[in-house]
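Below is one structure, written out as structure tokens; the observations come after it.
The values are calculated or read from the model by the stated rules, or taken from the named source; none is laboratory data. Just so it is clear, the model here is predicted, and its values are computed rather than measured. Don't worry about glycine lacking a Cβ; one is built from the backbone with ideal geometry, like all the others, and counts go over all protein chains shown. Note: accessible area is taken over every heavy atom of the protein model, side chains too, but ligands, DNA and RNA are not part of it. Shrake-Rupley method; radii C 1.70, N 1.55, O 1.52, S 1.80 Å.
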Amino acid sequence: MNAMMTSIRRSAIGLGLFAVITGGTIALTQGITKDRIIEQAERAEAKALFEIIPESQHDNDLLKDVVALPAHAQQPNQEPVHVWVARRSSQPVGIIMPVTAPDGYSGDIRLLVGINMDGEVLGVRVTNHRETPGLGDRIETRKSDWVYNFEGRSLSNPRPKLWNVKKNGGVFDQFTGATITPRAIVKAVQRSLTYFQQHRQEIGERLNEAHPGNPKTQRPEAIAGELNSAEHS
């Protein structure tokens, strides 16, 4: 009996030490990689921004020209929308808005939507999702050119009722075996354009108030943590 109890105690101590060592290793690894993950996210953010509005199309510091706009009623959180502003000769030529499509097949889909001052889409890039590999992940530019179909679109091109995938009577292609994912993106982009149209005057006023030459201007750093991760699973 004593031998058995000794054996049990030794096993318990061994398991406890294993748990402590494993937990410590995980914590240490997370600590070491945290800064690297943030750096990679920032690089992915900058890459996506300059893909939507290339540097040749603006002459300001796009990464630092960030302006707070009115809350987006159709977004999950009711907080002000922070957008990146592209300017040429101090005049705004477009904004890039972070948007969440809450109705993806596997959950939230985060994307960036660029809109010029006439209310036309400059570009769309998906920054984070958990859609099915081989099906829904075709929303990534490295998997297909599908998101490029939004460029030049507006609320009148196509008409509002046609802002849907073809399966549901719209003009946008769906993927073979995957309709929910592209439909969620289409609707998210349409909501972004609707938001821009509804707040067009206020957006113009706020962008002008944030004019680099305006003494009231505050130029915050690029939005920290807006895009939590550029990794797709």
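Can you give the accessible area of TRP146 in Å² (nearest 10), computed on protein heavy atoms with a 1.4 Å probe?
Roughly 10 Å² of TRP146 is accessible to a 1.4 Å probe.
If I ignore ligands, DNA and RNA and count only protein heavy atoms, how much of LYS187 is accessible to a 1.4 Å probe, in Å² to the nearest 10?
60 Å²
State the Cα centre-to-centre distance between segment 81-113 and segment 141-165 in whole Å.
Segment 81-113 and segment 141-165 have Cα centres separated by 15 Å.
Rank THR176, THR100, THR181 by accessible area, highest first, at a 1.4 Å probe radius?
THR176, THR100, THR181
Just read off the accessible area of PHE50 with the full protein assembly in place, 1.4 Å probe, to the nearest 10 Å².
It works out to around 60 Å².
As a test of reading the structure, rank TYR148, TYR195, TYR105 by solvent-accessible area (1.4 Å probe, protein chains only), most first.
Sorted by accessible area, descending: TYR105, TYR148, TYR195.
Would you please give the FRET efficiency between ALA46 and ASN168, computed as 1/(1 + (r/R0)^6) with r the Cβ-Cβ distance and R0 = 41 Å, to the nearest 0.05?
0.70
Using a 1.4 angstrom probe on the protein heavy atoms only, could you order MET97, MET117 from most to least accessible area?
On the way: MET97 0, MET117 55 Å².
Of MET97, MET117, the descending order of accessible area is MET117, MET97.
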